[in-house]
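Report on the following structure.
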Amino acid sequence: MTGEQTESYLYKLEAVLEEGRLLTVVVLAQSDERAFSTAENNILRHTVAPAKIKELSLVEKKPVGRQGVGYVIETSHFG
Amino acid sequence: MAERKQWKWADDPSLNKMEFTKLEKDGLDVIETIVNTYSKEGFQSIESSDMDRFKWAGVYQQRPKDGHFMMRVRIPGGILNSEQARVLAKIAEDYGRDLVDVTTRQAVQFHWLTVESLADIFDRLASVGLSSFEACGDCPRQIMGNPLAGIDPHEVLDTRPLVAELEKFFLMNREFSNLPRKYKISISANVHNAAHAQINDLAFTPAKKTIAGEEVIGFHVWVGGGLSAKPHLAKKLDVFCRPEEVIKVAEGVTTLFRDFGYRQKRTHARLKFLVADWGAEKFKDELINLVGELETQGEDLLKGWNGGYFYGIHEQQQAGLYYAGLSVPVGRMNAGELVELAHLADEYGDGTIGTCNTQNVLIRNIPQDKVAAFQAEPLIVNRFKLTPNTFVGYAVSCTGTEYCNLAIVETKERMRSLALYLDDTVTLDTPLRIHMIGCPNSCGQRQIADIGLQGALVKTSAGMVEAFDIHVGGTLEEAQFNRKLNARITVDKLGPFLAQLITLYKEDRSEGEQYWRYVERVGLEKIQSQVDSILQTA
Ligand code: HEM
Ligand code: SF4
């Protein structure tokens, strides 16, 4: 799709696993597609038995042009 | 370049990076550099620190970042005249690929501008008393107001002179060009909260008080509202402000923000954070320390909320004169349409045009004997309708991936087609406000919508698919933000999903009950169960 994007973004993604768990994943990438694949790789690396991802979505991106970009992740429940 | 200010926070080492940029060179100084240098030497010559300062000139890089800009033009209080409208239209035609957007704070936005065009655009705007300066950046932005000021049967005084004074006081005022963050003012004496008081940093709403035996019409003062990813409703201060005290109070509040607002973290800099820390009581005390005694609160004259909508032909304060509230779907028009609108304003009205925070427009002062002919005009019959269909009429959208670097999904065209679909599919006799945004920043004010749609990208076997999270029950009537449901709906299913959700509400509601009231009555769990049942059968 893009190719246009030269900036890097800090992406926030949400993964719903088959067993019902919700993971929030933060990755640095240069395009939305890359953000997805990077997130998947990170989830794989993070889990011993390969996680079955039911749904993976990208919900926010922030340009890393400025210092101090980050996310606060709520972990207790969806939302 | 103007003499540099010695700000009291200048020696604080914990300031964020942008603060150092602002200390090095005031945002307003970039205007001169744009005119004298960048507009002659081109995009490549722009220094990166100045690119941040471009916002003070009202320009912002758009997506893709290939040398094009968006520009926001201030329309103080949401009222402009036909001559100004024609100049705006010509700018869009000459430089902006024929595109004019009306924004959720009553400004006008252009896209596709090049830096070479900016000096000429500044001149053209100035020639009719308009400006893009400080329409973005850490400074007092476009002043939001009642687009019906002066003619509104539901206002308690004419706020036009106050908007003009505020605009004159703040625009290009170097005492206030370096605030911790963006700063949004709203003022309206409309009893239906036409200027969305609770989501502005500083807002004035109609009030009255008997002082020394005399009934005075004035304002209550609200501080610390704002949307974005961390929305807050403004707090009402225990003060009553006479009309002649508005500038003094605005100066006081803005001074408190400038001098005590937070400059360490940009994500914790808006006035709402200071207000949250101090509380309304301390904030009032500090304000009075600064500006002197103020009366305590009087009687609140706010009666509900009109959502910022004015559709149809309505009587004015002035007998025999009417205003016409028109629908501009998702706020987008082309230059020709704006020129035609200016023509109709001259031909039928007094030449003034109102811009609404619902991304719509209105025409003022139409004599009774011209109303019928006005209603028959092709632009009114075919495009900017007086009685739009329910969903097209109450749809609001941010810019989305079309031009916005932060967007996750496409919004504007999508919201337009979604509204058309819903109008084809569901018949509803009450407004249902749907706001669509492409990321959590909430330019399209998702939080105050009956149904707020926020974009996300979902990975499927077919690749990335755009989707929306559903939020329900927002309003500024008994002000509350909408709440998120557990549902992320991909765009192929979004229309049918919403049609079913709205049909369930339609069948279950009491007569005329608005969606947000319905959500309030039946509770979020019930709406979630509706959602679950729709998704099960989908
Ligand atoms: C290039 C396109 C745009 C970008 C990059 C952009 C960026 C942003 C950002 C970052 C915020 C949140 C800032 C904060 O509150 O901390 C914001 C808020 C907002 N923007 Fe935009 N925006 C864009 C276009 C628009 C358009 C087209 C409109 C009007 C339709 C708009 C109106 C607003 C409004 C009303 C807010 C809400 C802020 C509040 O009340 O607190 N923006 N925008
Ligand atoms: S809400 Fe997000 S996507 Fe939409 S215009 Fe604002 S910043 Fe861009």
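Roll a 1.4 angstrom probe over the protein heavy atoms and tell me the percent of accessible area of region B:303-448 that is carbon or sulfur.
51 percent
Explain nothing, just the number: dipole magnitude of the protein assembly as shown about its Cα centre with +1 on each Lys and Arg Cβ and -1 on each Asp and Glu Cβ, in debye rounded to the nearest 20.
1420 debye
Hey, could you get me the Stokes-Einstein D for the protein assembly as shown, Kirkwood radius over alpha-carbon pairs, 20 °C and 1.002 mPa s, rounded to whole µm² s⁻¹?
Answer from the Stokes-Einstein relation: 85 µm²/s.
Based on the alpha carbon coordinates of region B:12-160, what radius of gyration and maximum Cα-Cα distance (Dmax) apply, in Å?
Expressed in Å, the Cα Rg and Dmax of region B:12-160 come to 16.5, 53.
How much accessible area per residue does region B:31-83 have, counting only protein heavy atoms and a probe of 1.4 Å, in square angstrom?
Heavy-atom accessible area per residue stands at 39 Å².
Considering only protein heavy atoms and a 1.4 Å probe, what is the carbon-and-sulfur percentage of the accessible area of region B:13-62?
50 percent
Going by Cα centres, region B:383-454 and region B:46-119 are how many Å apart?
22 Å
Under the rule a/c < 1.5 gives rounded, and otherwise a/b versus b/c splits prolate from oblate, where does region B:339-410 land using the Cα gyration tensor?
prolate
Other chains near B:266-276: what is the mean number of their Cβ atoms within 10 Å of each residue's Cβ?
1
Give the carbon-plus-sulfur fraction of the accessible surface of region B:176-283 in %, rounded to a whole number; probe 1.4 Å, heavy atoms of protein chains only.
After summing per-atom areas, the C and S share lands at 49 percent.
Pairs B:Lys22/B:Lys412; B:Lys40/B:Lys265; A:Lys61/B:Lys55; B:Lys236/B:Lys493; A:Lys54/B:Lys506: which exceed 31 Å Cα-Cα?
B:Lys22/B:Lys412; B:Lys40/B:Lys265; B:Lys236/B:Lys493; A:Lys54/B:Lys506, as the Cα separations exceed 31 Å there.
Suppose R0 equals 30 Å; then what is the FRET efficiency for B:Glu244 and B:Leu524 from their Cβ-Cβ distance, rounded to the nearest 0.05?
With R0 = 30 Å, the Cβ-Cβ based efficiency is 0.10.
Using a 10 Å cut-off on Cβ to Cβ distances, tally the other chain neighbours for every residue of B:464-474 and report the average as a whole number.
Averaged over the peptide's residues, the number is 2.
Under a cut-off of 18 Å between alpha-carbon atoms, report the aspartates and glutamates in cross-link reach of B:Lys90, not counting same-chain residues fewer than 8 places apart.
The reachable aspartates and glutamates, counting only those whose Cα sits under 18 Å from B:Lys90, are B:Asp98, B:Asp101, B:Glu116, B:Asp120, B:Asp123, B:Glu337, B:Glu340, B:Asp346.
To the nearest 0.05, what FRET efficiency results for B:Lys25 and A:Val72 with a Förster distance of 41 Å applied to their C-beta separation?
Computed FRET efficiency for B:Lys25 and A:Val72: 0.80.
Go ahead and estimate [θ] at 222 nm for the protein assembly as shown from helices alone: -39,500 (n - 2.57) per DSSP H run with n ≥ 4, summed, over the residue count, rounded to 500.
The helix contribution divided over the protein assembly as shown gives -9500 deg cm²/dmol.
Compute all pairwise cysteine Cβ distances in chain B, then list the cysteines with no distance under 4.7 Å to another cysteine.
If one checks each Cβ against the other cysteines of chain B, B:Cys136, B:Cys139, B:Cys241, B:Cys356, B:Cys404, B:Cys439 turn up with nothing under 4.7 Å.
Looking at region B:88-151, which trypsin sites (Lys or Arg not before Pro) are in a loop (DSSP not H, G, I, E or B) and have at most 16 other Cβ atoms within 10 Å?
Those that pass, being in a loop and sparsely packed, are B:Arg97.
What lysines could a cross-link reach from B:Lys370, if we take a straight Cα to Cα line under 21 Å and drop same-chain neighbours fewer than 8 places away?
B:Lys385
What's the longest uninterrupted piece of chain B once you rule out the GluC sites (Glu not before Pro) that are loop residues per DSSP with at most 10 other Cβ within 10 Å?
So the longest stretch without any such site is B:4-292.
Just name one of B:His220, B:Pro206, B:His196: the one whose Cα is farthest towards the positive end of the charge dipole of region B:167-311 (beta-carbon charges, Lys/Arg +1, Asp/Glu -1).
Working it through, the farthest residue towards the positive pole turns out to be B:His196.
Short version: which residues of region B:475-518 lose at least 20 Å² of accessible area, all chains versus chain alone, 1.4 Å probe?
B:Lys484, B:Asn486, B:Arg488
Taking a cut-off of 16 Å between Cα atoms, list the aspartates and glutamates near B:Lys25, but don't count ones fewer than 8 places away on the same chain.
Filter leaves B:Glu3, B:Asp11, B:Glu47, B:Asp50, B:Asp52, B:Glu134, B:Asp138, B:Glu175.
Can you work out the PRE-style zone for B:Thr460? Point 7 Å along Cα to Cβ, and I want the residues of region B:477-493 with backbone N under 15 Å.
B:488-493
Using the Karplus curve 6.51 cos²θ - 1.76 cosθ + 1.60 with θ = phi - 60°, what ³J(HN,Hα) values do you get for each residue of region B:317-327, in whole Hz, with x for Gly and Pro?
Coupling constants for region B:317-327: 4, 7, 4, x, 10, 10, 10, 10, x, 10, 9 Hz.
About the Cα centre, and with charges only on the beta carbon of Lys, Arg (+1) and Asp, Glu (-1), how big is the dipole of region B:404-531? Nearest 20 debye, please.
It works out to roughly 420 debye.
Counting heavy atoms of the protein chains only and a 1.4 Å probe, report the per residue accessible area for region B:348-436 as a whole number of Å².
Heavy-atom SASA per residue in region B:348-436 reads 35 Å².
Would you please state the base-10 log of I(q)/I(0) at q = 0.06, 0.08, 0.10 1/Å for chain B, with intensities from the Debye formula using one equal scatterer on every alpha carbon?
These q points yield log10 I(q)/I(0) values of -0.28, -0.51, -0.82.
How many Å² of accessible surface get buried when A and B come together, counting both sides, probe radius 1.4 Å, rounded to the nearest 100?
Chain pair A/B: roughly 1900 Å² of buried accessible area.
Would you mind getting me the FRET efficiency between B:Asp11 and B:Glu511? Use the beta-carbon distance for r and R0 = 56 Å, nearest 0.05.
0.30
At 1.002 mPa s and 20 °C, plugging the Kirkwood radius over alpha-carbon pairs of region B:413-519 into Stokes-Einstein gives what diffusion coefficient in µm²/s?
Using the Kirkwood radius from Cα pairs, D works out to 151 µm²/s.
Taking each residue of A:53-65 in turn, how many C-beta atoms of other protein chains fall within 10 Å of its C-beta, and what is the average?
Mean shielding by partner chains, rounded to a whole number: 6.
The values are calculated or read from the model by the stated rules, or taken from the named source; none is laboratory data. As the structure is a prediction and not an experimental result, all values here were calculated from the model. Quick reminder, even Gly has a Cβ in these numbers, built from the backbone with ideal geometry, and neighbours come from all protein chains shown. Accessible surface areas use protein heavy atoms only, side chains included; no ligands, DNA or RNA. Shrake-Rupley method; radii C 1.70, N 1.55, O 1.52, S 1.80 Å.
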